[in-house]
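Here is the structure we will look at, set down as structure tokens.
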Amino acid sequence: MVLGFKKYVKNSSKCVNCGTCSLIVSCPSPHRCIGCRSCYLACPNKAIIEIPDQSDRKMVEISIDGAVHKVPEYITVKQALELLGFRFTKFPEKEALFSPCETGGCFACALIIDGELKPSCHTPVMDGLRIKTDISSHEPLRIVEGFQPHPVGGVGTPYWLKRRGYYIEVACFSAGCNLRCPTCQNFHVTYNSSLKPLTSREAAKLLTSCRVRFGVDRLAISGGEPTLNRRWLIEFFRELKGRNPDKKARLHLDTNTTLLTQDYIDELVEVGVTDIGADLKALDLDTFQLITGISDKNLARKYLETSWRAVKYIVDNYYPDEIFLGIGIPYNRAFYPSIEKLYRFGEKIAKIDPDVQVVVLDYRPEFRRRDIDRPSFNEMFEVKRILEESGLNTVIVQTIYGHIGP
Ligand code: FES
């Protein structure tokens, strides 16, 4: 039978053998493409191309919650479920399954497949596969890496601690992101599906040992995007708090804020989060889509509105006593042909709270935007001046010479 399937093949004239599609992405079906798109999304050189797959396929039998169905072979479990009428979304909804990264890293789409928790976006269907959609009996999993100390910290690290020369924070990085930023600063983590996933307990234990080893009080998780797998993240912080009950311990979440609804924030505070680094990618929808690569306007709008609402909600309810908040702004002149927009961005944050910490990140040529220049020191200094003029009192800019604080 022939359906409108796609497959992904390497365009050798663009491939520079960087190893992303073989070392970072773990292909779930190397002998024949199942159309999961992980390599296509991860390749920094866009050297993987999408073509129609009109080859003949047999039908295979799978069972979902005990009911037997026939689906075409060489597709992902997620695609099979979609063919059977299940709905997957990129913003959590009741009655729908959630698949925010679609690259096998976050495990938010995971189902019990032949008795094991596996990402449905990254697992091929096979004859006889048994799938259960109720995963509540299994401990959540996620790919997390890079358990290391850091001397600077992130957006949610208070500026007075951002001194160079010694470690102030230990951090780990979760794979998978719901955004597709062409300037992704951490794409080796974001698109990584090659590591063994960890339970929340395992990750909290590793991060705590890192704290003990390097003698710091701050424990952070960044990404990728940590908030994609809510159950995993809540358990991670709960476990981390249990292992670090002392008052000096600061539990820090670095997030793009696009999924941070009010009840999610309340839950994070309840399990012990003390510091949030909230990236606000943009003031307006056009710039948000340009920076994040989200082409679906409605989805982009939802993400953007959720981010701004999250920041306001944290300031109104938890800041500064329960939560230290830092707001991240990405800057490159490629996103800001007019500096007026940046001024208005600052003005809107200042209306929420003029004293909140704002960290401007100098976006470098990375991932799929190697064509842009890293902002110069003087340019970043000018950005700082503009944001201060807009009413912000605590602006830190990341520059080629390190962070310049207020
Ligand atoms: S959506 Fe499948 S692993 Fe993230």
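Put simply, of Lys46, Lys70, Lys118, Lys78 the only residue that is within 14 Å of the ligand (Cβ to nearest atom), modelled with pLDDT of 95 or more and not in a helix (DSSP H, G or I) is Lys118. Here Ile62 fits the description: among the aliphatic types (A, V, I, L, M), away from the ligand (no atom under 16 Å from the Cβ), at pLDDT 95 or above and touching a helix residue (DSSP H, G or I) at 6+ places or on another chain (Cβ under 7 Å).
Matching residues to (1) surrounded by fewer than 16 Cβ atoms within 10 Å (Cβ to Cβ); (2) assigned by TED's automatic domain parsing to the domain that holds Gly242; (3) free of Cβ contacts under 8 Å to residues at least 24 places away in the same chain; (4) among the hydrophobic types (A, V, I, L, M, F, W, C):
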| position | (1), (2), (3), (4) |
| --- | --- |
| Thr261 | no, yes, no, no |
| Glu267 | no, yes, no, no |
| Thr292 | no, yes, no, no |
| Asn298 | yes, yes, yes, no |
| Ser307 | no, yes, no, no |
| Tyr313 | no, yes, no, no |
| Ile327 | no, yes, no, yes |
| Pro330 | no, yes, no, no |
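Scanning region 34-44 for residues that are surrounded by fewer than 21 Cβ atoms within 10 Å (Cβ to Cβ) and either in contact with a strand residue (DSSP E or B) (Cβ under 7 Å, 6 or more places away or on another chain) or without any contact (Cβ under 8 Å) to a residue 40 or more places away in the chain (or both) yields Gly35, Arg37.
Checking the condition surrounded by fewer than 17 Cβ atoms within 10 Å (Cβ to Cβ) and at pLDDT 95 or above, which residue from Val2, Val25, Val9 passes? Exactly one of Val2, Val25, Val9 is surrounded by fewer than 17 Cβ atoms within 10 Å (Cβ to Cβ) and at pLDDT 95 or above, namely Val9.
Contact map, region 88-105: residues that are farther than 14 Å from Val189 by Cα paired with residues that are near the ligand (Cβ under 6 Å from one of its atoms) and of a type in the set (S, T, N, Q), Cβ distance under 8 Å, separation 6+ or inter-chain. Pairs shown: Phe88/Ser99; Thr89/Ser99; Lys90/Ser99.
Go through the residues of region 149-165 one by one and say whether even a single one is among the basic types (Lys, Arg), in the same structural domain as Phe236 (by TED's automatic domain parsing) and within 25 Å of Phe237 (Cα to Cα). Yes, there is a match, as at least one residue in region 149-165 is among the basic types (Lys, Arg), in the same structural domain as Phe236 (by TED's automatic domain parsing) and within 25 Å of Phe237 (Cα to Cα). If you filter region 121-137 down to residues that are touching a residue at least 60 places away in the same chain (Cβ under 8 Å) and assigned to a loop (DSSP other than H, G, I, E, B), you find that the one that is nearest to Tyr40 (Cα to Cα) is Thr123.
The values are calculated or read from the model by the stated rules, or taken from the named source; none is laboratory data. Please read all numbers here as calculations on a predicted model, not as lab measurements. Glycine gets a Cβ as well: all are built from the backbone with ideal geometry, and neighbour counts include every protein chain shown.
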